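Notes for the one structure printed next.
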Amino acid sequence: MRSLTLTPQTMPETSVNFRAPPPSPVASGRRSTVTNNEFLTEFLETSLRVPDLVLPDKIFPKQIHHETPPKVDFVSLCFHKDEDLIDVVSESIARFGCFQLLNHGISQQLMAAAVEAAGGIFLVLPGKRDAVTRSPEKLWGFEEYREGEEERSELNEEFIWRKDEELKLKMEGIWPIGYPNFSKKMETLHSRVEKVADKILPIILKNAPKKLTSNGDIIGHGNEVGTLCCIYKHRQDINRNNQWVDSLKYDVIRMLIRGTDYSHSLCLHVCDGSSEFHVYSKKSWLSFCPEQGALVITAGDQIQVLSGGHYKDVIGKAIFKGEREDNISMAFLYSPQNTKRKIQTNTERPISLSQQAILAVILNLMYHVLIFVLKKV
């Protein structure tokens, strides 16, 4: 069998009819290519230039109002149910977003011991903090500052504490000597603070309208996280050149952009020894000197929703201007767990699939037993 081989002599020739497009006409008055490129470059540089943005005064007011919120006795408020005092608290939260709580039953010795033990957390070396750094999946640990926030870390350090077994194991691994003592004191203080908040929250909401969903749930009341504690280390250098103002502005801008990091109803601040306490809301900026031994109570985002906007979410921050190098403050973000209350209805309770399967097995056994008995008779 002969194979067919195509050689250049045997390949058929194919003629291609191709004509280049005619050149585009150029007007005699048009600039040259080089001139056009320079004009385009100048236009793009001017158009794409990012302007410097400055927050208007309405976002962060320059005027600080110096007025002291009321000092409220815990026993008279929660046990004697003083109606006049309840009105004072309601008015203060609606106006300032905060009030001071005295005679709350938490000893100054306990608060001082917890604060002193908390100072040791920030002695943990930076290299060991990686395993206990806060993330979206872990709501506890050291606060890690993002790129561009280095100045913020030079002003304050922050550690988020909560009753969590994983946190306890990891902290005991990197701080085995001090953490058990600190954790014990914090758990005791945490329990006392929650008891105080449990008593106060219903009284605060007594005179405020509550928002309900269609099925009877109270909107925004409680979550699965429970109460957290933000522990702050205030550096001495922050008092120079009013750097604390920049620190507070950072917190405010972060709240406006990212929202509240931790949803909560109330925030109970332990800030003994602070020179001032600042409260910021979208309407005003308040500064006062807190009473020694008092808990400063500020309103959170949940209480704003619960009250239908009657109360406003605020940011509270302790300011230290003393000679001590290290100052510690605590903010307990109280959010009651499992407190969604339903309006009782007479609707029937459905039977689950597992219950139906068990019932079917029981009926089947009873059927066979009955047949067996009838045959014996």
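Here each label is just a point 7 Å from Cα along the line to Cβ, and for D84 and T133 those points are 5.6 nm apart. At the residue level, C289 shows approximately 80 square angstrom of accessible surface with a 1.4 angstrom probe and all protein chains present. In this label model, F122 and K375 are separated by 8.3 nm, measuring between points 7 Å along each Cα→Cβ vector. Pairs from the list K71/K282; K138/K282; K282/K317 with a Cα-Cα gap above 18 Å: K71/K282; K138/K282. Take the Cα of L363, step 7 Å toward its Cβ, do the same at T68, and the gap between the two points is 7.4 nm. Computed extension length for D198-S354: 52.4 nm, one decimal, from 0.36 nm per residue of separation with the Cα-Cα distance subtracted.
The values are calculated or read from the model by the stated rules, or taken from the named source; none is laboratory data. Since we're looking at a predicted model, the values are computed, not measured. As a convention, Cβ positions derive from the backbone with ideal geometry for all residues, glycine included, and neighbour counts pool all protein chains shown. To get the accessible areas, we keep the full protein, side chains included, count just its heavy atoms, and leave off ligands, DNA and RNA. Shrake-Rupley method; radii C 1.70, N 1.55, O 1.52, S 1.80 Å.
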